[in-house]
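Here the structure is laid out as structure tokens; the discussion comes afterwards.
Nothing in this text is a laboratory measurement; each read-out follows from the coordinates by a stated rule. All figures in this text were calculated on a predicted structure; none of them were measured in a lab. Virtual Cβ from ideal backbone geometry, glycine too; neighbours counted across all protein chains shown.
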């Protein structure tokens, strides 16, 4: 009798081992665990790099102070001459439709309109002389306006040297 009980236990253990073995075999063949994919972030180009793509590398001078302005995919590179008498702007901005882009200097006592950005080479450019009394203004504003006013009503990009 003891022998029959032992034979049944061995038989049950053997059947259980076969079932577990087959289960493991089929489970390992159909491995549904998510695969880890190593994603490397794509480096975001600097404003200067973007301006070189749009306007060409020969357009950007190494002279003067640089100010990079950006908002979402809109970017501008502002260069102020070392003597602070001139300012140039290269910008990669969306099409303003019927609006226009304007460049302003800002000081504590107000704004000075330098001029309108002109469309060129798939972007916008501007070269401006800075009047006496405004060379110490360090804040630059690019506005998007339907009508030019005395102050910018819709600041699009801005920053300080």
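Along the Cα-to-Cβ line of residue 98, 7 Å from the Cα, sits a label point; which residues in the range 128-161 have backbone N less than 14 Å from it? Only 145-148 pass the distance filter. Principal axis extents of the Cα atoms in the range 47-160, from largest to smallest and rounded to whole angstrom, are 37, 34, 21. Here r is the Cβ-Cβ distance between residue 66 and residue 146 and R0 is 30 Å; the resulting FRET efficiency, rounded to 0.05, is 0.50. Placing dummy labels 7 Å off each Cα toward the beta-carbon, the span from residue 109 to residue 73 is 4.3 nm. Straightening the chain between residue 120 and residue 84 buys 10.5 nm, computed as 0.36 nm per residue apart minus the Cα-Cα spacing.
Ranked by how many other Cβ atoms sit within 10 Å of their own Cβ, fewest first, the residues 104, 134, 27 fall in the order 27, 134, 104. Extending 7 Å from Cα along the Cβ direction at residue 139 and again at residue 49 yields two label points whose distance is 3.1 nm. Separation between the residue 26 and residue 38 pseudo-spin-labels, each 7 Å from Cα along Cα→Cβ, expressed in nm? Result for the modelled spin labels: 3.6 nm. Figure legend: label point modelled 7 angstrom from the Cα of residue 155 along Cα→Cβ; residues of the range 112-148 with amide N under 14 Å from it are 112, 138-144.
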